1. Sort Phe148, Phe49, Phe90 so that the residue with the fewest other Cβ atoms within 10 Å of its own Cβ comes first and the one with the most comes last.
2. Taking the Cα centre of each part, how many Å lie between region 285-360 and region 187-218?
3. Across 5 Å bins from 0, what is the distribution of all Cα-Cα pair distances for region 127-176, in whole percents?
4. Is it possible to state the helix-based mean residue ellipticity at 222 nm for the chain, with each DSSP H run of 4+ residues giving -39500 (n - 2.57), the sum divided by total residues, to the nearest 500 deg cm²/dmol? What is it?
5. Calculate log10 I(q)/I(0) of region 92-182 for q = 0.16, 0.19 Å⁻¹, where I(q) comes from the Debye formula with a single equal point scatterer on each Cα and nothing for solvent.
6. Hey, if you drop one equal point scatterer on each alpha-carbon of region 280-360 and run the Debye formula without solvent, what base-10 log of I(q)/I(0) do you get at q = 0.16, 0.24 Å⁻¹?
7. Can you tell me the order of 195-204, 180-189 when each peptide is scored by its average per-residue count of other Cβ atoms within 10 angstrom, highest first?
8. Over 22 Å between Cα atoms: which of Lys89/Lys213; Lys74/Lys104; Lys58/Lys89; Lys195/Lys357; Lys311/Lys357 fall into that group?
Amino acid sequence: MNDFSIGRHSITKVGNSIRPLVVELLIIYSLALIVFSCTKSSDEAAQFFLRGNVQLQKREYREAIRYYTEAIEKKNDFADAYNNRGLAKFRNDDREGALADYTKAIETDPDFGTAYFNRAEVRLETGDATGSLADLQRIEKQYRDSTFYQTRLGDTYVRLNNPALAQSAYDRAIQLDPDNVEALTNRAALYYSQKQYEQAEHDIQRALQLNPKQDAALNNQSLLLARTGKYAEALAYVERALAIKSNQPYYLNNKAYLLLMLHRPADAFPLVQESLRLDNQNAWAHRTLGIYFLDQVQPAKALTEFRQAEKIDASVDQLYYYIGTAELAVGNATGACEAWRRGESAGDEQAATARKKACR
């Protein structure tokens, strides 16, 4: 199908793509954990810090940032304030600002384990999986028995294309806490990517029992249903995911794909357009748009989208079957056969069937 999701609270993928679920551990330090020298400046810094914590808990991120900034101005080596301001910026979708603050917290206190953990998440989300792993390894002794740490470690190994170590980390996370919804959802994504559908289904069902509103798990259940052709049932699940996160590009793409499979192209088109507006590097969404253009008998446009998907991620399911179909539709029989052969070598049964019917 399309994009399978990971929980971050979530990472994602369905038929089109599976992404592991990323878990964020939010730690707000209380004033009792911080030791100051008895100066007026330090006392004022502490008060601003506490006010920032209140606003952070209330999800008033801009106000929290303002108070943490005041605290830092009063005490420029206030590592906890840098860390918490980083959390507020992260929650306010300022990834670069969060990364800078976590780094400043670490420079101020090189043994600040929480800041390493939080920086690892930002690095993972901004595409620096190697940097994320380095941060996690730096605090391994301190956090190795944390289910959240093991979940993040699994997510990082997924991004580094090391499924064996990712599996081991997710297994450990679930061993430490069998009710870790994020770890269950992300391990399911990993199982799905390895075509271990029964195991993926088991983890997703368990995740949804624990949290029926886990949007990544709902999306992934939709993908599992779509894989067996249960498109109407799958649509209900992805719509539940979108009710929780309406602008999640993977969910939008997956809904568009399902609508195409249900012969509703007019409804699908604006959804896949919006998905690509939010994330134009999603190969699965380019594949969905290509399928739409095939449906509209516009094979040249379809081929452009399929080639873009290939450029981003050539492992997308059934991509070469669709490339071959589009090539044949524009009159390039040789190109069609070449694409179907590539798909067949990758285990695509539809590509293999098409090649046997149309090619020597």
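1. Numbers: Phe148 20, Phe49 26, Phe90 23.
Final ranking by Cβ density, sparse to dense: Phe148, Phe90, Phe49.
2. Region 285-360 and region 187-218 have Cα centres spaced 29 Å from each other.
3. Bins of 5 Å from zero give 5, 27, 32, 26, 10, 1 percent of pairs.
4. On the way: 20 runs with 255 residues, N = 360.
Value at 222 nm, helices only, nearest 500: -22500 deg cm²/dmol.
5. Results for region 92-182 at q = 0.16, 0.19 Å⁻¹ read -0.62, -0.85.
6. -0.49, -1.07
7. On the way: 195-204: 17.4, 180-189: 32.5.
So the peptides 195-204, 180-189, ranked by packing, come out 180-189, 195-204.
8. Values: Lys89/Lys213 25 Å; Lys74/Lys104 16 Å; Lys58/Lys89 14 Å; Lys195/Lys357 26 Å; Lys311/Lys357 27 Å.
Exceeds cut-off: Lys89/Lys213; Lys195/Lys357; Lys311/Lys357.
No value in this document is a laboratory result; all are computed from the given coordinates. Only a predicted model underlies this, so the values are computations on that prediction, with no experimental measurement involved. Glycine gets a Cβ as well: all are built from the backbone with ideal geometry, and neighbour counts include every protein chain shown.
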